[in-house]
Amino acid sequence: MKVTETKLKGCFILEPNIFNDERGYFFESFNSNIFNKATGQKINFVQDNQSYSSKGVIRAIHYQIGEHAQAKLVRVLNGKVLDVAVDLRQDSPTFGQHVAVELSAENKKQLFIPRGFGHGFSVLSETAEFFYKCDNFYNKDSEGGIIYNDPNLNIDWQIPVDNIKVSHKDLELPILANARL
């Protein structure tokens, strides 16, 4: 597995070794020993989540705060998304910066998003099945979010403005400057 740290410390792109033959392919999508050694982290994932979305959907920047903060390992099972991680660690030199990585069923890349980061994605294909592992359980009272079109984040979601689909809940999210961190 190839593991590359992004410009945001602690946030990694993982590219598995894929074994193809006439029957199809095989790859190890997660191995805790390899993951922990490559990232320098000791992560214990406790919850898996999966979503299905149509083209143009933007799932805004979401995160958990305090003792319920979550690290996530995300990937696409079917389709293609632009996955975005935003550094929300107020003491970080990259606070408020983001990385965007195309994840697809074809490239089989994964993105590791550490605690203290926000996460969102846009669907670039007709549909997408998105899968993620979390190292902490969801807690509604600890959830936070940032609106997808925060002008200071300036994220290019790669979706034409007329085709964007955002939930009512995500449209009510604050900009980063007003977010509960």
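Quick note: the coordinates plus some simple rules give every number you see, no bench work behind them. Note that the structure is a prediction, hence the values are computed from the model and not measured. Neighbour counts run over all protein chains shown; Cβ positions are idealised from the backbone, glycine included.
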### Value at 222 nm in deg cm²/dmol, rounded to 500, when DSSP H runs of n ≥ 4 in the chain each add -39,500 (n - 2.57)
-1500 deg cm²/dmol
### Message
If packing is taken as the average count of other Cβ atoms within 10 Å, what order do 48-61, 139-152 fall into, highest mean first?
### Response
48-61, 139-152
### Task
Note down the relative contact order for the chain as a percent, whole number, built from C-alpha pairs under 8 angstrom at least six residues apart.
28 percent
### Query
Given 0.36 nm per residue, what is the gain on full extension from residue 97 to residue 41 after removing their alpha carbon distance, in nm?
18.0 nm
### Query
Can you tell me the Rg and Dmax of segment 1-100, counting just the alpha carbons, in angstroms?
15.4, 51
### Query
By a straight-distance test (C-alpha under 26 Å), which lysines pair with residue 37 as possible cross-link partners, with residues fewer than eight away in the same chain excluded?
2, 7, 9, 72, 108, 109, 133
### Task
Once you have a ≥ b ≥ c as the square roots of the Cα gyration tensor eigenvalues for segment 81-172, tell me rounded if a/c is under 1.5, and otherwise prolate or oblate according to whether a/b is larger than b/c.
rounded
#### Entry: Kirkwood estimate for the chain, i.e. one over the average of 1/r between Cα atoms, Å
16.7 Å
### Message
What FRET efficiency comes out for residue 162 versus residue 140 if R0 is 45 angstrom and r is the Cβ-Cβ distance? Round to the nearest 0.05.
### Response
0.85
